[in-house]
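Novice: Below you'll find the structure I mean.
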Amino acid sequence: QVQLVESGGGLVQPGGSLRLSCAASGIIFSINAMGWYRQAPGKQRELVALFNSGGSTNYADSVKGRFTISRDNAKRMVYLQMNSLKPEDTAVYYCLCRVGSSDYWGQGTQVTVSS
């Protein structure tokens, strides 16, 4: 089993910044992907940023140039630095860890961008 715990969400004004963290624990032999998704009220969960197995990254077009994903493999941590936040970034942010063909999700952390 893989456990994921997110932290770092909160309320921020437009133009502000937040840094999300995700800690992975459990039996992890091979991580194929690790990163972040988000789900806004009434919308489907969508990709935000992801590390693929080869180390390459994917970003949603809506966050390119504003968000940066990073990781610390030794600590089994993945981070999401979010700058220039917009109200449309408001959502619950979920950490994903793909081990083999199985997806594991964190409990989510709320990010609210509002003045």
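The values are calculated or read from the model by the stated rules, or taken from the named source; none is laboratory data. What you see is a predicted model, and the numbers here were worked out from it, not measured in a lab. Using ideal geometry, Cβ is built from the backbone for each residue, glycine included, and neighbour counts are taken over all protein chains shown. Keep in mind that these areas ignore ligands, DNA and RNA; they rest on the heavy atoms of the full protein, side chains included. Shrake-Rupley method; radii C 1.70, N 1.55, O 1.52, S 1.80 Å.
Novice: Which FRET efficiency, nearest 0.05, do Ser114 and Asp72 yield, Cβ-Cβ r, R0 22 Å? Before the final figure, lay out each step's value.
Specialist: Values: r = 31 Å, r/R0 = 1.40.
Once rounded, the FRET efficiency stands at 0.10.
Novice: Where nothing but the Cβ of Lys and Arg (+1) and of Asp and Glu (-1) is charged, how large is the charge dipole of the chain around its Cα centre, in debye to the nearest 20? Present the calculation step by step, with values, prior to reporting the outcome.
Specialist: Numbers: 11 positive and 7 negative charges, 24 e Å.
Using only the charged Cβ atoms, the result is roughly 120 debye.
Novice: Hey, another quick one. For the range 61-115, with every protein chain kept in place, what is the accessible area per residue (1.4 Å probe, Å²)? Provide the component values of the computation, followed by the final result.
Specialist: On the way: 2820 Å² over 55 residues.
Per residue, the range 61-115 has 51 Å² of solvent-accessible surface.
Novice: Now, a different point. Evaluate the relative contact order of the chain (contact order divided by residue number), counting alpha-carbon pairs under 8 angstrom at least 6 apart; express in whole percent.
Specialist: It comes to 38 percent, rounded to a whole number.
Novice: Quantify, in whole percent, the carbon and sulfur part of the accessible surface of the chain (1.4 Å probe; protein heavy atoms only).
Specialist: 47 percent
Novice: Label Glu88 and Glu46 with points 7 Å out from Cα along Cα→Cβ: what is the distance between them in nm?
Specialist: So the label points at Glu88 and Glu46 sit 0.7 nm apart.
Novice: Here's another thing I want to ask about it. Could you tell me which residue out of Pro14, Thr68, Val92 lies farthest along the dipole of the chain toward its positive end? Charges go on the beta carbon: Lys and Arg +1, Asp and Glu -1, centred on the Cα centre.
Specialist: Thr68
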